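Here is the structure we will look at.
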Amino acid sequence: MVAESELLSHPSKVLAATPHHKTALKEPVNVKGTAQPDGIQLNWEGEAKGYIVQRAFKAGDNFVQLGGIHHDKTYTDHAALAGHAYRYRVLAVDENGHVSLPSTKAKYGAQVTVGLQ
């Protein structure tokens, strides 16, 4: 039979932990969408290095990223089809690749719903 003192190990060393980086990057604001002859044009305000534009087809759908990182504060969705409504949101990206919250905190994260005629 083995004594209980032989089964116990020595305590492990205490390790320091670094918390996950939290960015103070502000989400884009005043996102507006306008139907144009060649698609839906989005405009917004923000102070980021780049922006991610996302689209969903209806409330509850997952948002899909449109292209890569955009460096302008405008984007035209040329794939938008006449007779359809779309939901958009914009996220800011800083020089280290940190991403902000979506451009709104509304249910489903949608900021703009626009339809082409």
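The single residue among HIS84, HIS78 that is touching a residue at least 24 places away in the same chain (Cβ under 8 Å), out of contact with any Phe, Trp or Tyr (no Cβ under 9 Å at 6 or more places or on another chain) and more than 20 Å from LYS26 (Cα to Cα) turns out to be HIS78. Taking region 76-117 as the search range and keeping residues that are of a type in the set (D, E, K, R), modelled with pLDDT of 75 or more and surrounded by fewer than 20 Cβ atoms within 10 Å (Cβ to Cβ), which one is farthest from TRP44 (Cα to Cα)? Going through the qualifying residues, I end up with GLU95.
Among the residues of region 18-27, is any within 16 Å of the chain's Cα centre (by Cα), modelled with pLDDT under 80 and polar (S, T, N, Q)? Within region 18-27, one or more residues are within 16 Å of the chain's Cα centre (by Cα), modelled with pLDDT under 80 and polar (S, T, N, Q).
Can you tell me which residue within region 27-67, out of those that are among the basic types (Lys, Arg) and not in a strand (DSSP E or B), is surrounded by the fewest Cβ atoms within 10 Å (Cβ to Cβ)? Reasoning before the result, please.
Of the residues in region 27-67, the ones among the basic types (Lys, Arg) are 32, 49, 55, 58.
The next check asks that each one be not in a strand (DSSP E or B); those that pass are 49, 58.
Details: LYS49: 15, LYS58: 12.
Checking each candidate, the answer is LYS58.
The values are calculated or read from the model by the stated rules, or taken from the named source; none is laboratory data. What you are looking at is a predicted structure, and each value in this text was computed from that prediction instead of being measured. Ideal geometry is used to build each Cβ from the backbone, glycine not excepted, and the neighbour counts take in all protein chains shown.
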